[in-house]
Amino acid sequence: MLTGCTSWPKEFADLYRKEGCWKGETFGEMLRERAKVHGERIAITSGERNMSYAELDNGADRLAAGFQELGIKKSDRVVVQLPNVIEFFEVCFALFRLGALPVFALPSHRSSEINYFCEFAEAVAYIIPDKHAGFDYRDLARGAKSKNDTLLNVIVLGEEEEFVNLADLYIDPTKNETKVDSCDIAFLQLSGGSTGLSKLIPRTHDDYIYSLRLSAEICQVNMNSVYLAVLPIAHNYPLSSPGILGTLYAGGRVVLSPGPSPDEAFPLIEKEGVTITALVPPLALRWLDAVSTRDHDLSSLQVIQVGGAKFSAEAARRVTPAFGCKLQQVFGMAEGLVNYTRLNDPDEIIINTQGRPMSEYDEIRIVDEEDRDVQQGQVGHLLTRGPYTICGYYKAEEHNAKAFTMDGFYRTGDLVSMTDSGYIVVEGRDKDQINRGGEKIAAEEVENHLLAHDAVHDAAIVSMTDDYLGERSCAFVIPRDHAPTAKELKQFLKERGLAVFKIPDRVEFIDSFPKTPLGKVSKKALRQTISDKLNSRITMK
Ligand code: J2J
């Protein structure tokens with residue numbers, strides 16, 4: 001096991017193997033097997049390009065040879081920051097075959113996040129597009145390289161400038177002697193974070209492939225399925241629930257959408273005969289608004305998944321009538337546990353709950369502040385452990401002591417209740433995080449950046465309710481002598497290289513923070529302050 005990772009206790013690992021959850025398969029083998037069975041069938045479609053399973057398998061081998069020649073080897077970490085492009089798949093499977101670990105950055109991450117990932121993971125390589133959505137990633141790479149001695153190679157899809165061109169790394173496969181074990185860590189996924197920076201989540205081949213297998217089964221994804229990827233594919237939800245990897249696991253076809261808007265996605269659904277796609281709630285609202293005004297034939301759609309943030313029952317009720325397909329609610333987390341409503345569940349369950357755990361080996365506890373089980377139906381903190389939920393974050397001993405119970409349950413930070421039939425309803429959150437339409441913002445991370453401003457004495461970030469995104473972020477700032485403007489502060493955060501979605505939507509200046517009886521900043525009171533202020537504006541209008 002990679003240093004800095006926590007394995008499952010032996011008795012649990014033995015159980016998960018004995019029960020057939022972990023079948024001893026690696027991602028490298030999985031693709032080899034699919035290429036044998038599905039050969040010339042299309043695995044991925046992107047624009048006019050179609051890539052077969054055999055081509056993907058071969059591309060991964062060739063790229064693995066190129067990576068190996070650059071010196072990338074087993075257990076090395078490689079920060080991968082690619083948009084929804086076909087090369088993402090070849091890159092991941094090439095790294096999997098070498099036993100090197102992708103660290104899944106999102107296209108929206110900027111220098112603050114990337115420098116940290118490179119440094120913390122001691123990455124040896126960083127893989128980027130040249131430009132995407134008007135942003136030049138080579139600038140990020142220059143910064144990361146100058147700050148990190150371990151970062152030996154920057155690999156660019158497109159114009160490489162002073163770096164290595166990805167296209168040059170597809171070379172004749174050499175003998176790859178690397179022994180990759182199914183219980184090895186396959187990659188590092190990112191947590192939404194609550195205390196400070198995102199934590200890195202080590203996922204093994206065994207545990208992740210198990211989650212793909214179950215997801216594909218529950219979502220009825222098979223060889224005839226066509227999955228449309230509209231969300232950024234490196235995110236755990238479109239990656240695995242069942243997402244792009246679950247679809248490949250099942251021998252289906254993945255279609256990559258350049259973006260999530262109805263204008264981009266609807267024509268693709270019609271053209272490619274898409275059967276399933278995954279959305280976050282604000283996107284589902286956008287699609288719901290658009291569907292009646294477009295005349296694309298969306299009749300191939302069988303399932304629209306909505307997850308990543310709470311989907312209101314009112315909106316959920318509209319999905320099936322509007323799209324003529326099933327809605328599936330998905331409540332998951334990159335740390336592991338994923339809950340799904342089942343496709344043939346009664347409407348009331350699909351509309352009003354966030355599903356139930358996908359595995360019979362998922363253990364769920366809903367507890368009070370003292371870790372005592374709450375009464376059936378009451379709201380409490382969700383704890384979980386199981387065959388695909390991590391036992392610890394990467395190199396985070398101190399944090400792990402708080403994020404996991406003594407007996408290995410992960411503290412999700414979610415407040416939930418459970419229905420009599422075992423379905424989970426997400427009721428809120430006790431982690432210091434803002435869920436901005438599925439994008440997670442760790443309050444403390446942004447607060448620390450604000451505190452670096454000369455004119456900021458103290459800062460606290462809270463969520464404010466938003467009809468469209470569910471939540472937006474509001475920064476309460478206690479200024480020093482001269483208050484900066486909100487605009488200045490936002491610009492300051494941008495210049496510090498913070499991803500744009502983390503920049504507060506609103507800044508409020510305040511003289512002092514309300515406190516809890518224990519003397520901590522009362523975020524609850526701050527949320528109330530901003531809510532009252534926004535509501536009074538609405539009533540005044
Ligand atoms: C309310 N909150 C939700 C939901 C996630 C599948 C789906 C989503 C994720 C994901 C994922 C929610 N209703 N339906 O990895 O595989 C909030 C919870 C949770 C956190 C995890 C997957 N679905 N959430 O969103 O790691 O607070 O994973 O703990 O990004 O999102 O965020 P993340």
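Kindly indicate whether VAL91 is of a type in the set (A, V, I, L, M, F, W, C) and touching a helix residue (DSSP H, G or I) at 6+ places or on another chain (Cβ under 6 Å). Considered against the rule, which asks whether it is of a type in the set (A, V, I, L, M, F, W, C) and touching a helix residue (DSSP H, G or I) at 6+ places or on another chain (Cβ under 6 Å), VAL91 comes out as no. Output yes when any residue across region 280-303 is within 16 Å of the ligand (Cβ to nearest atom), among the aliphatic types (A, V, I, L, M), buried (at least 22 other Cβ atoms within 10 Å of the Cβ) and over 17 Å from GLU439 (Cα atoms), and no when none is. The answer is no; no qualifying residue exists. For region 450-472, the count of residues that are assigned to a helix (DSSP H, G or I) and modelled with pLDDT of 95 or more is nonzero.
Here is a yes/no grid of residues against (1) aromatic (Phe, Trp, Tyr); (2) buried (at least 21 other Cβ atoms within 10 Å of the Cβ); (3) touching a helix residue (DSSP H, G or I) at 6+ places or on another chain (Cβ under 6 Å):
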residue	(1), (2), (3)
GLU11	no, no, no
GLU19	no, no, no
TRP22	yes, yes, yes
GLU25	no, no, yes
GLU29	no, no, no
GLU33	no, no, no
VAL37	no, no, no
ALA43	no, yes, yes
GLY47	no, no, no
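Counting the residues of region 229-264 that are more than 16 Å from the ligand (Cβ to nearest atom), free of Cβ contacts under 8 Å to residues at least 60 places away in the same chain and surrounded by fewer than 24 Cβ atoms within 10 Å (Cβ to Cβ) gives 6. Looking across region 131-144, the residues that are out of contact with any helix residue (DSSP H, G or I) (no Cβ under 6 Å at 6 or more places or on another chain) and either surrounded by fewer than 18 Cβ atoms within 10 Å (Cβ to Cβ) or on the phi > 0 side of the Ramachandran plot (or both) come down to LYS131, ALA133, GLY134, PHE135, ASP136, ASP139, ARG142.
Within region 92-111, does at least one residue satisfy the condition of being surrounded by 17 or more Cβ atoms within 10 Å (Cβ to Cβ), part of a helix (DSSP H, G or I), among the β-branched types (Val, Ile, Thr) and under 25 Å from the mean Cα position of the chain (by Cα)? Checked against the condition, which is being surrounded by 17 or more Cβ atoms within 10 Å (Cβ to Cβ), part of a helix (DSSP H, G or I), among the β-branched types (Val, Ile, Thr) and under 25 Å from the mean Cα position of the chain (by Cα), region 92-111 yields no hits at all. Criterion first (out of contact with any strand residue (DSSP E or B) (no Cβ under 7 Å at 6 or more places or on another chain), among the small types (Gly, Ala, Ser) and in contact (Cβ under 8 Å) with a residue 40 or more places away in the chain) does ALA525 satisfy it? No; evaluated as a whole, the condition is false for this residue.
When GLU445 is tested against (1) surrounded by fewer than 21 Cβ atoms within 10 Å (Cβ to Cβ); (2) part of a helix (DSSP H, G or I), just one condition goes unmet, and that condition is (1). Between LEU248, LEU256, the distinction of being within 24 Å of GLY437 (Cα to Cα) and modelled with pLDDT of 95 or more belongs to LEU256 only. Kindly indicate whether TYR340 is within 16 Å of the ligand (Cβ to nearest atom), at pLDDT 95 or above, over 29 Å from PRO321 (Cα atoms) and in contact with a helix residue (DSSP H, G or I) (Cβ under 7 Å, 6 or more places away or on another chain). When the stated conditions are applied, TYR340 does not pass them.
Taking the numbered list (1) surrounded by 22 or more Cβ atoms within 10 Å (Cβ to Cβ); (2) more than 16 Å from the ligand (Cβ to nearest atom) in turn, GLY386 passes all entries but (2). When residues in region 360-383 are screened for being buried (at least 17 other Cβ atoms within 10 Å of the Cβ), among the hydrophobic types (A, V, I, L, M, F, W, C) and free of Cβ contacts under 8 Å to residues at least 40 places away in the same chain, 1 of them pass. Screening GLY324 on (1) on the phi < 0 side of the Ramachandran plot; (2) more than 12 Å from the ligand (Cβ to nearest atom) shows it passes everything except condition (1). Does VAL456 fit the bill of being within 14 Å of the ligand (Cβ to nearest atom), among the hydrophobic types (A, V, I, L, M, F, W, C) and either closer than 18 Å to SER512 by Cα or in contact (Cβ under 8 Å) with a residue 40 or more places away in the chain (or both)? Answer is no for this residue.
Any residue at all in region 12-29 that's under 27 Å from PRO258 (Cα atoms) and at pLDDT 95 or above?
yes
Total residues in region 304-321 satisfying the condition of being within 10 Å of the ligand (Cβ to nearest atom), of a type in the set (A, V, I, L, M, F, W, C) and either surrounded by 20 or more Cβ atoms within 10 Å (Cβ to Cβ) or farther than 30 Å from GLY408 by Cβ (or both): the figure is 2.
In a residue-by-residue description of region 397-408, the property of being within 14 Å of the ligand (Cβ to nearest atom), assigned to a loop (DSSP other than H, G, I, E, B) and touching a residue at least 24 places away in the same chain (Cβ under 8 Å) applies to no position.
Residues checked against (1) closer than 24 Å to ALA64 by Cα; (2) not charged (D, E, K, R):
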position: ARG110; (1), (2): no, no
position: CYS118; (1), (2): yes, yes
position: VAL124; (1), (2): yes, yes
position: ASP139; (1), (2): no, no
position: ASP149; (1), (2): yes, no
position: VAL154; (1), (2): yes, yes
position: VAL164; (1), (2): yes, yes
position: ALA167; (1), (2): yes, yes
position: ASP172; (1), (2): yes, no
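The values are calculated or read from the model by the stated rules, or taken from the named source; none is laboratory data. Quantities reported herein were computed from a predicted structural model and do not represent experimental measurements. Glycine gets a Cβ as well: all are built from the backbone with ideal geometry, and neighbour counts include every protein chain shown.
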